[in-house]
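Comments concern the structure below.
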Amino acid sequence: MWYNRCKIASVQGWLKGITHLRSTTTPTYIYTPKAYYGDHSCSKEMRKPDFPLVKCISENFIKPKHEVEESNQPYHLAPHDLLLLSAHHIHFGLLFTKPPRIKNQEFSFLLFLESLKESFSRTLVHFYPLAGQFVTKVDEDKHESVVYVDCNKGPGARFIHATLDITISDVLSPKDVPLVVQSFFDLNEEYVNYDGSSKPLMSVQVTELLDCIFIACSVNHCITDGTSYWHFWNVWSEIHRGSGNHMICDSHLPVYTRWYPDGRAPGPFPIPYTHPDDFVRKFEPTQLSDRIFCFSSDSIARLKAIANEEGYVKNISSFQSLCALLWRSMVRANRVPYDQIIHNHLAVNNRRRLDPPLPKYYFGNFFQSLTTSTTAGELLENDLGWAASLLHQSVIDYSDKAVHNFVNGCQFTRFDMYGNEFGLGKAIAFRSGYGNSKDTGLVFACPGSEGGVSVDLEICLPPDSMDALELDKEFMAFVSLPYAYIMRYHRCKIASIHEWSKGIAYLRSTTTATHIYTPKAYYSNHMCSKEKENPDLPVVERISEYFIKPKHKIEESKQIYHLAPYDLAFLSFQYIHFGQLVTEVDEDKHESVVYVDCNKGPGARFIHAALDMTIFDILSPKDVPLVVHSFFDLNEKLVNYDGHSKPLLSVQVTELVDGIFIACTVNHSIIDGTSYWHFWNIWSKIHKGNDGKDTICESDLPVYTRWYPDGCAPGPFPIPFTRPDEFLRKYEPPQLGDRIFHFSSENIARLKTVANEKGSAKNISSYQSLCALIWRSMVRASRVPHDQITYNHLVANSRKRLDPPLPEYYFGNFCQLLTSSATADELLENNLGWAASLLHQSVVKFNDKDVRNFYNVWLKSPSIMCIEDVLNRNSVGVANSPRFDMNGNEFGLGKAIAFRTGHGIKGVGLVFACPGIEGGGSVDVELCLPPDSMDALEWDKEFMAFVSLS
């Protein structure tokens, strides 16, 4: 079980404290920030969470050990400080193993904690501003304010003792920084630095794990930058090591004398605002993947040698070489268009840049962003040395008399992080918290835990870009992996019910091998870049391509095949094809008729492709691997209306090293799931006969006779549009996690029993019970506010609901959404049986009247659906059905071992329910959720109690 998609940053908030003012001993829970589980932090569900929580054992507020005379004076913020009022805090923490003994005594965590508080209070004597709070004085006449620190205001710095029952392995082994690490830090993402008016300016949280200790320090970024932050850590560690004899050399203490530019009199720096709403902007982070990459001393030396060998300047540093590598690799991973300008921002310590320079331990913020720019094309067409030279030149140009000192100062890697031992020995790893407004492309460079000149990089990128980065040959050639690393492709958004086709006779063959690329949704809109000529990502090689028509002429194909309202409603959806679509426009009536010309176009497409991957590569990753996307033709760029120029059906057969993947993509305006799987079943049956005789019973063939509601004459159904841009809305899916969960027949039976025992309705089906479980679990995982209405959309086959019913194999779309709704509070406060009864009632009530009513309403006001009309974070949509005969399609290869879906109409909350490979009533469920919600779902006790892990 992994916690994925962690968005964390370290420069957020820091606190100090010395004497106990208040202690809370009642255990409380520290929740993972709302950025990961929605704005649901205070909901009733949080009282009994289903995912791992840090338990707060005690909370103390600490002030300096003794009174500090200077603390009676206001501590004024300088311009570098005030710039950060709307930013987040600094968060960094160190992970230590629990020592068996300290100073020849058996290790006691409680004694260690008390000694840590004592040394913390002594350290605050030297860092007294961190124990205060902000004060704002407003001058309405001048329309300005002065923000400063009252060093004696407030209870002091916060010190938290917390526990969590996980191990070192749980923290370090996941590929992504685990989500639970967020809760190791106080003052998380809902706070910005200006909140220091009411919140502590510093907070320390010591979290006791089963076999280790995590010490986290959160500090208000308006008070310190990285240099001052790690200076605090170093002094604290030194004082703790000396116990009561905490004599710190004066030259090692912070310097509070403020620096003022020439012509500026000492005093406060007013800001031209009178209300925080005028300047505070709270940062909403995007969904990011956060991973640690290690570079050994040998790799760094090799990288520096290459950069200096290839570069056009001399003396390129290790840090500049590493930054150049990062810059190039991340631009490639993000698929930035070649003509776009890209920037590299280095955080620079300015203390040694002044003439004369400021003291090394000048306290506060005194850094600046050094920006280097070029186009993506220039960066990637030139070599690593060129990029490193560009960065080196920026550093040189930025310096006047103290270049060497400046270069030494600007490197985060020079901070003494691992010298902070606190009597526990050397830390084994660092991790950072939310702060510093972590966003796409943010990198933290820290000294490697192995020492020497090794470097650990923490990188934040969207999940698709992160996966691409891990496949970047230049980047990975220098990475030294700290744990057994298995290359996986993550965060795949795939779906199959998009387009469907038929065809029989060969019309055209393409034999030149081409590459099928993973869709742009994963690697940005950079499909035509020069980088595609040598992709570093696994690609499917297209061996041949045919267009196929029916084996012999069909008389009925000369007739126009009209689309019914159920079909037309899907024109803006993607594909789930055999002729092509035709639109006839009547400008006078401002309407169009869309139909299928069964003889138009070259026919259905049939592709033979190959990929050097194994079954294990496809099935073993936790998330459906990204490369599966390229097993399907007619992908996410197309919608059903594109059937005017694209085939309505495409089959792609991809040969793997030890397996074969057969994918069928069909235009969803032509067929629904019932007709789609009917096509598969007939194709498999004909292939099985393979004697040239298509001996299919007439009762098993599709029925093309269109059904018309009462009062509606046979013929086309016009839509009130004359141009496609009037109704087409191309769906841009968000970043999603896509995983398969297996439910054995025994667990399905047990689930049905529980639902019927607790429900108010009788005869609740297995399917309704499963859908109720999914609804409740996904609402919990998405942290939907309790007063918000949630929806469950079941896709129902309407053929048997009519009176009289339609034939079983009526061809086309004849499905309808059955929507059940309840507030999140109702859904979660009641039990599983209550939710299942709600779904059961919707199914029971669905009848002939509802089907006819849909037609009548549509005829009065024709509309074209888009997937985003149905799916969002508050809804669940269950498509496909475990009753479809998916596993009976053998094609002489034996039973399939797995199903996977293509891009299709997949969105937040979409669920595909399919028959389990083992048969016997088992079900495989494919779920799509944002990464944070997906991780929470895997910690949902009710949900996982019925999942059979395969």
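The values are calculated or read from the model by the stated rules, or taken from the named source; none is laboratory data. The structure presented is a predicted model; accordingly, all values stated were derived computationally and were not measured. Ideal geometry is used to build each Cβ from the backbone, glycine not excepted, and the neighbour counts take in all protein chains shown. With ligands, DNA and RNA removed, areas are computed over all heavy atoms of the protein, side chains included. Shrake-Rupley method; radii C 1.70, N 1.55, O 1.52, S 1.80 Å.
Among all positions in region 248-267, there is at least one residue which is at pLDDT below 90, buried (at least 16 other Cβ atoms within 10 Å of the Cβ) and closer than 16 Å to L77 by Cβ. C815 passes every criterion in (1) open to solvent by less than 40 Å² (accessible area, probe 1.4 Å); (2) under 29 Å from the mean Cα position of the chain (by Cα); (3) not polar (S, T, N, Q) apart from (2).
Every condition in (1) at pLDDT below 75; (2) more than 27 Å from E238 (Cα to Cα) is met by C410 except one, and the failing one is (2). Of all residue pairs spaced 6 or more apart or on separate chains, those with beta-carbon atoms under 7 Å, a first member in region 135-153 that is closer than 20 Å to E70 by Cα and a second member that is aromatic (F, W, Y) and surrounded by 12 or more Cβ atoms within 10 Å (Cβ to Cβ) are V135/Y148; V147/F134; Y148/Y75; V149/Y75; V149/F134; C151/Y75; C151/Y128. The single condition from (1) open to solvent by less than 10 Å² (accessible area, probe 1.4 Å); (2) closer than 19 Å to D397 by Cβ; (3) outside any loop (DSSP other than H, G, I, E, B) that N344 fails is (1).
Take the conditions open to solvent by 30 Å² or more (accessible area, probe 1.4 Å) and within 38 Å of the chain's Cα centre (by Cα) and apply them to D612. Does it pass? Yes. Filtered by the rule that a residue be open to solvent by 10 Å² or more (accessible area, probe 1.4 Å) and over 20 Å from A913 (Cα atoms), region 781-799 gives R783, P785, H786, D787, Q788, I789. Within region 155-178, can one find any residue that is in the same structural domain as C217 (by the TED database), in a helix (DSSP H, G or I) and among the small types (G, A, S)? Yes, region 155-178 has at least one match.
Within region 567-585, identify whether any single residue is surrounded by fewer than 19 Cβ atoms within 10 Å (Cβ to Cβ), farther than 18 Å from H668 by Cα and either at pLDDT below 85 or in contact with a Ser or Thr (Cβ under 8 Å, 6 or more places away or on another chain) (or both), and answer yes or no. Yes. The residue of region 586-609 that is modelled with the highest pLDDT, among those that are more than 26 Å from N813 (Cβ to Cβ) and open to solvent by 50 Å² or more (accessible area, probe 1.4 Å), is H608. Yes or no: region 297-311 includes at least one residue that is outside any loop (DSSP other than H, G, I, E, B), acidic (D, E), assigned by the TED database to the domain that holds A87 and at pLDDT 85 or above. Scanning region 297-311, I find no residue that is outside any loop (DSSP other than H, G, I, E, B), acidic (D, E), assigned by the TED database to the domain that holds A87 and at pLDDT 85 or above, so the answer is no. Looking across region 635-664, the residues that are open to solvent by less than 10 Å² (accessible area, probe 1.4 Å), within 30 Å of the chain's Cα centre (by Cα) and either of a type in the set (A, V, I, L, M, F, W, C) or at pLDDT below 90 (or both) come down to V639, N640, A663, C664.
Yes/no matrix, rows are residues, columns are (1) closer than 30 Å to A898 by Cβ; (2) open to solvent by less than 80 Å² (accessible area, probe 1.4 Å):
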position: K688; (1), (2): yes, no
position: D700; (1), (2): yes, yes
position: R706; (1), (2): no, yes
position: P709; (1), (2): no, yes
position: G715; (1), (2): no, yes
position: D725; (1), (2): no, no
position: F741; (1), (2): yes, yes
position: Y767; (1), (2): yes, yes
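Just one residue in the set I671, I682, I696 is open to solvent by less than 80 Å² (accessible area, probe 1.4 Å), in a loop (DSSP other than H, G, I, E, B) and over 24 Å from N635 (Cβ atoms); that residue is I696.
Would you confirm whether any residue within region 377-397 is among the charged types (D, E, K, R), part of a loop (DSSP other than H, G, I, E, B) and either open to solvent by less than 10 Å² (accessible area, probe 1.4 Å) or modelled with pLDDT under 85 (or both)? Checked against the condition, which is being among the charged types (D, E, K, R), part of a loop (DSSP other than H, G, I, E, B) and either open to solvent by less than 10 Å² (accessible area, probe 1.4 Å) or modelled with pLDDT under 85 (or both), region 377-397 yields no hits at all. Of everything in region 202-247 that is of a type outside the set (S, T, N, Q), closer than 17 Å to P129 by Cβ and in a loop (DSSP other than H, G, I, E, B), the residue that is farthest from the chain's Cα centre (by Cα) is I223.
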